[in-house]
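The structure under discussion appears below in the form of structure tokens.
The values are calculated or read from the model by the stated rules, or taken from the named source; none is laboratory data. Just so it is clear, the structure is predicted and the values come from calculations on it, not from any experiment. FYI the Cβ positions are ideal-geometry reconstructions off the backbone, even for glycines, and counts take in every protein chain you see. Side chains included, ligands, DNA and RNA excluded: accessible areas come from the protein's heavy atoms. Shrake-Rupley method; radii C 1.70, N 1.55, O 1.52, S 1.80 Å.
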Amino acid sequence: LQQIEANLDNYIKKGIAKKTQKGYEINLNEYKILGEGEIKNKLIIKAKEASKSALENVKKAGGEIILSKKQHC
């Protein structure tokens, strides 16, 4: 999460992310999102997997992580 937050501008330039009324929509379908770092922006992330802490941190900031594969707890 820390890297995503730090690289938002780069992601937008590369077309991986876009700013919408809901927040920043980021397409990281090939990645597992880990929960390290603080989130200042509302993020809507599409990802392959996510750690429990990443899911919680993004939700606390008002965003969400949409997983492309079923996650088993």
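Out of the residues in segment 47-63 that are assigned to a loop (DSSP other than H, G, I, E, B) and crowded, with 16+ Cβ neighbours inside 10 Å, which is nearest to the chain's Cα centre (by Cα)?
That would be Gly63.
Regarding Ile66, is this residue among the aliphatic types (A, V, I, L, M) and surrounded by fewer than 16 Cβ atoms within 10 Å (Cβ to Cβ)?
yes
What tally of residues in segment 1-46 results from selecting those that are open to solvent by 80 Å² or more (accessible area, probe 1.4 Å) and not in a helix (DSSP H, G or I)?
Selection size over segment 1-46: 13.
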